[in-house]
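A quick write-up on the structure given underneath.
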Amino acid sequence: MTNPPSRSRKNELMNATPNDEHLPYLERVVHAATRNVAAGGGPFAALVVVDAEPVSLGVNQVTKTYDPTAHAEIVAIRRACADRATFALPGAVLYSSCEPCPMCLTAAMWARLGAVYYAAESQDAERAGFDDLALYRLLRSPRDTWSVPVTRLPAADAAAPFDAWQAYDDRRPY
Ligand SMILES: [Zn+2]
């Protein structure tokens, strides 16, 4: 599981000055996130950039679409991939108005993105009442302390789907 950056890494990030390459994209997602509040969405936006071309701006749509996974990053990645009929965007860059939550960070990794840059920190989101930081803390704590029990149960043929996958010659690895 991916952990948030260490404190020293965070200080390094805080001290980093966005160069001209990143600044327009960061400004765009921060403004879009702010505008999304009055539009009835959560205060988050994200942008996928492919070959220095902004291709997909996503804003948080959780409450508007009744979709708990409709985080800005997920919306942006889904659209960028669907528009290109691909499930991977190697080398693409994700800009987010806030440090991505664990779901979005791993979505970026599933999409094989090349880099993730963000503006606000999870602490800022936490101050506004969002769970991003709590989820990072939870994932670092023992699973038996989680509020949602996650339990493996023995089941016959549990490995059969993987056997079928490996035996299927026309599979599309991802
Ligand atoms: Zn997220």
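The values are calculated or read from the model by the stated rules, or taken from the named source; none is laboratory data. Values in this document were obtained by computation on a predicted structure and should not be read as measured data. Neighbour counts run over all protein chains shown; Cβ positions are idealised from the backbone, glycine included.
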Unique match (being polar (S, T, N, Q), more than 16 Å from the ligand (Cβ to nearest atom) and within 25 Å of LEU133 (Cα to Cα)) among THR65, THR86, THR34, THR69 = THR34
key: Enumeration of residues in the stretch 128-170 that are part of a loop (DSSP other than H, G, I, E, B) and under 20 Å from the mean Cα position of the chain (by Cα)   = ALA128, GLY129, PHE130, ASP131
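One line per residue, one yes/no per condition, for (1) within 16 Å of the ligand (Cβ to nearest atom); (2) hydrophobic (A, V, I, L, M, F, W, C); (3) more than 24 Å from GLY42 (Cα to Cα); (4) at pLDDT below 95:
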residue	(1), (2), (3), (4)
VAL93	no, yes, no, no
SER96	yes, no, no, no
CYS101	yes, yes, no, no
MET109	yes, yes, no, no
GLY114	no, no, yes, no
ASP132	yes, no, no, yes
ASP157	no, no, yes, no
PHE162	no, yes, yes, no
Strands (runs of 3 or more DSSP E) contained in the stretch 22-127 and holding at least 1 residues among the small types (Gly, Ala, Ser) and buried (at least 23 other Cβ atoms within 10 Å of the Cβ) = 45-50, 53-59, 93-98
query = Pick from the stretch 37-60 the residues that are closer than 21 Å to GLN123 by Cα and within 14 Å of the ligand (Cβ to nearest atom): which of them is nearest to the chain's Cα centre (by Cα)?
reply = ALA46
